[in-house]
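Let me begin by presenting the structure, written as structure tokens, before commenting on it.
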Amino acid sequence: MKFLNLREGYSVESAIATVEIEVEFTRKEGGGIIKVLHGYGSHGKGGVICVELRKTLARWKRSNFIKEFYCGDKWNIFDPEILKVLGQDKTIYGDPDLFYPNPGISIIVV
């Protein structure tokens, strides 16, 4: 699983561009999983990057640019959909967020 940290130093535009480049690179490699750390806002009410990235991910999914994405609060080892993703990349089992909901991340399946 690849990891992108967008928590500091990114505007919304540069954060989304960075994710897009990584998705394109991952597609060229034959697919994979990308974990994006974007935070969720200083008061837990939804940071701008989080909100805009998830809108973009939904659009990318509709256009088949990505296969799927999961918000961090759904990223849970006991969810049947997540278990399918775990079968694609065994390195995910070491992810500490897999056992604790984290709204500050998004998982992208390419």
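Since every read-out is calculated from the coordinates, none of them should be taken as a lab result. Treat the numbers as computed from the prediction; the structure is a model and nothing was measured. Counting neighbours? That spans all protein chains shown, and the Cβs are built from the backbone with ideal geometry, glycine included.
Quick notes
- For the stretch 17-107: relative contact order, % (alpha-carbon pairs under 8 angstrom, 6 or more apart): 36 percent
- Restricting attention to the chain, lysine pairs at least eight places apart or on different chains and with alpha-carbon atoms under 21 angstrom apart total 28.
- Residue exposure proxy: SER14, SER106, ordered by other Cβ atoms within 10 angstrom of their Cβ from fewest to most, comes out as SER14, SER106.
- Overall dimensions of the chain by Cα: Rg and Dmax, Å: 13.1, 38
- Among ARG54, ARG59, sorting on how many other beta-carbon atoms sit within 10 Å of each Cβ, with the fewest leading, yields ARG59, ARG54.
- Stokes-Einstein D (µm²/s) once Rh is taken as the Kirkwood radius of the stretch 50-97 over alpha-carbon pairs, at 20 °C in 1.002 mPa s: 180 µm²/s
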